[in-house]
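Inspection log for the structure reproduced underneath, given as structure tokens.
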Amino acid sequence: MNSRWSTALVLIAGGLFVSPAGGRLFAQTERPNILWITTEDMSPRLGCYGDFTVPTPHIDALAKQSIRYTRAFGVYGTCSPNRHAIITGMYPNSTGGMAQRVTKRTSALSKITDPKLLAIPVYEATPPAGVKCFSEYLRAAGYYCTNNVKTDYQFAAPITAWDESSERAHWRNRPDKSRPFFAVFNYFGTHESQIFQQTSPVIVDPQAVDLPPYYPDVSVVRRDVARHYDNIARLDQFVSERLAELDEDGVADNTIVFFFSDHGDGLPRMKRWVYDSGIRVPLLVRFPDRRGAGATNGELVSFVDLAPTVLSLLKLPIPKYMQGQAFLGPGRSRPRKYIFACRDRMDPAPETIRAVRDHRFKYVRNYRPDLPYIGYIPYRDQQEIMQEMHRLIAAKKLGPDQWQFTATTKPLEELYDTKTDPHEIRNLASDPRHFRKLAELRSAHLEWTERVNDLGHLAEEELLKRLWPPDGTQPTTAEPAIEIAGGRATIRCETAGASIAFRVGARIDEAASWRLYVKPFAVGGGTEIQAQAVRLGWKKSPLRTARSQD
């Protein structure tokens, strides 16, 4: 750990913090709580965003109390790379976290013996030494941090990230009720898999849904889109229950609430794609004093911005390695000019696509123009809507607006005017009237690719050697050393950038909670100390146990 961060963590662990700008010291008890309510696979299909297909009264009421962001985007059209970006504040293609779920093959396909699936490599994204799950900085600042329950970070979730990460995780479990909290609750009911069959009460008439022009108007398509809306109705109740818990506990007046989805709709030509249908998400932020309540904010926001924004709101320093920027709080940066998005391998389907978007135009660069847009993704193909699309493609029954389903190759570049063409089906890349915008966004893409050191152009075999030199073998974090002297315990790890977790007691059992090591601590006689170290992307260290003298 470098000296700057060592000093900062000691200060905030003691309950006082000096702001990066040299501001006043303030007490830990003045800090607000933060609640994240997240959902899966959902574009802004909500009344507060102008879509009244299914009632969402509680989310709409939250929106009236919140700042509503209209240009919030994931960096990928799928969950794992996005969650990696959120937890680290870094782009996945700069850390080896590009492909969908690199740590394991899709669990639902575990019984499939297809060689293409079995050949998928399994590894962990490996950020540079010293990169942390951003929740660790909050824990060091005295926050009780809980995650209920999904991680999917493209590396094994470290024990240093959360006080609790489980289906039981809740701010209510903190032993000291005066301790500030950061709590995440993730709703799974809107996930792509919940469209495979009817899982929610039927609310929406399939004939009442509006279909985008890239969908054929057939019954199976209408039914599956309606199912998605039915699932959103249950999400509305989930949001209501979490907000009610804040009120019941008397902490709503000191809690900042975020609501957002992990990427766009879990439907074909939405999830996994770099078009707005795959990466644009709802984002609401409610402050306890209702500042900005009911306001609409059209600034560009990216998922890499969430970690630095939380740190900014809590007046904690933002690490220089973070590639995002704060959009709220005293550390707020200038509004973005562009957001960036990617698509890489999805299960066995190879791909390399990059995208840049400003407030109006989207640029897409296809690095594998030889491939069709529709690759071999058996998990996705469990949806009947996708099975229907395959049938219509084979029967040549799709029209010109559905060209992205039928194309057997891709153009090298794409350009869309999202104002006049919100569904991004009219490619303007060859239109001379837009050559200046094309050149601008192409340059922005190339500059960003170099700045973040885009690893997505490497074959995965070569990627592993880059992440784990020299031969692609995953390293192991060094076993920590525990020193006990003068009634104080000091824990060190030789692995650069590693974090350390520890637990203490007269006798430690496996149920004991892990604490984040920040600085030496007092220990009584006959106390057992157990420690483990972890660097993101590496194997965690062996356990080290020591006991103080009686």
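The values are calculated or read from the model by the stated rules, or taken from the named source; none is laboratory data. All values derive from a computational prediction rather than experimental measurement. Heads up, the Cβs are rebuilt from the backbone with ideal geometry, glycines too, and the neighbour counts pull from every protein chain shown.
Of the candidates A444, A429, A394, the single residue that is surrounded by fewer than 16 Cβ atoms within 10 Å (Cβ to Cβ) and of a type in the set (G, A, S) is A394. Would you confirm whether or not segment 465-477 contains a residue that is under 21 Å from P158 (Cα atoms), over 27 Å from the mean Cα position of the chain (by Cα) and modelled with pLDDT of 95 or more? No, segment 465-477 contains no residue that is under 21 Å from P158 (Cα atoms), over 27 Å from the mean Cα position of the chain (by Cα) and modelled with pLDDT of 95 or more. Among the polar types (S, T, N, Q) and in contact (Cβ under 8 Å) with a residue 24 or more places away in the chain: does that describe S312? No; evaluated as a whole, the condition is false for this residue.
Scanning segment 141-160 for residues that are crowded, with 24+ Cβ neighbours inside 10 Å and among the small types (G, A, S) yields a total of 1.
If the condition is being out of contact with any strand residue (DSSP E or B) (no Cβ under 8 Å at 6 or more places or on another chain), of a type in the set (F, W, Y) and at pLDDT below 95, then segment 355-408 contributes only Y379.
This table checks each residue for (1) without any contact (Cβ under 8 Å) to a residue 60 or more places away in the chain; (2) surrounded by 13 or more Cβ atoms within 10 Å (Cβ to Cβ); (3) farther than 29 Å from Y153 by Cα.
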site	(1), (2), (3)
T490	yes, yes, yes
L516	no, yes, no
W538	no, yes, no
S548	no, yes, yes
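If we scan segment 294-305, do we find a residue that is surrounded by 24 or more Cβ atoms within 10 Å (Cβ to Cβ) and not in a helix (DSSP H, G or I)? Yes: one or more hits. Across segment 157-196, the number of residues qualifying as of a type in the set (S, T, N, Q), in a loop (DSSP other than H, G, I, E, B) and within 26 Å of F52 (Cβ to Cβ) comes to 1. P378 fulfils the conditions (1) more than 28 Å from A72 (Cα to Cα); (2) in contact with a Pro (Cβ under 7 Å, 6 or more places away or on another chain) except for a single criterion, (2).
Of the strands (runs of 3 or more DSSP E) lying entirely inside segment 454-530, those containing at least 1 residues that are polar (S, T, N, Q) are 488-492, 499-505. If you go through segment 506-550 and keep only what is over 26 Å from the mean Cα position of the chain (by Cα) and at positive phi, you end up with just G526.
Scoring Q325 on the criteria (1) in contact with a strand residue (DSSP E or B) (Cβ under 9 Å, 6 or more places away or on another chain); (2) surrounded by fewer than 21 Cβ atoms within 10 Å (Cβ to Cβ); (3) in contact (Cβ under 8 Å) with a residue 40 or more places away in the chain leaves a single failure, condition (3).
Among the residues making up segment 188-218, those that are surrounded by 15 or more Cβ atoms within 10 Å (Cβ to Cβ), touching a Leu at 6+ places or on another chain (Cβ under 8 Å), farther than 16 Å from R380 by Cα and not β-branched (V, I, T) are G189, P216. The set of residues from segment 351-360 being part of a strand (DSSP E or B) and surrounded by fewer than 20 Cβ atoms within 10 Å (Cβ to Cβ) is empty. Selection of first residues in segment 356-373 that are on the phi < 0 side of the Ramachandran plot and of second residues that are aromatic (F, W, Y), restricted to Cβ pairs under 6 Å at least 6 apart or on distinct chains, gives the following pairs, ordered by first then second residue: V356/Y338; V356/F340; V356/Y363; D358/Y338; K362/Y416.
Here the condition is being within 20 Å of P212 (Cβ to Cβ), in contact with a strand residue (DSSP E or B) (Cβ under 8 Å, 6 or more places away or on another chain) and outside any loop (DSSP other than H, G, I, E, B); of L428, L415, it holds for L415 alone.
Any residue at all in segment 95-115 that's surrounded by fewer than 24 Cβ atoms within 10 Å (Cβ to Cβ), out of contact with any Asp or Glu (no Cβ under 6 Å at 6 or more places or on another chain), among the acidic types (D, E) and modelled with pLDDT under 95? Checking segment 95-115: at least one residue is surrounded by fewer than 24 Cβ atoms within 10 Å (Cβ to Cβ), out of contact with any Asp or Glu (no Cβ under 6 Å at 6 or more places or on another chain), among the acidic types (D, E) and modelled with pLDDT under 95.
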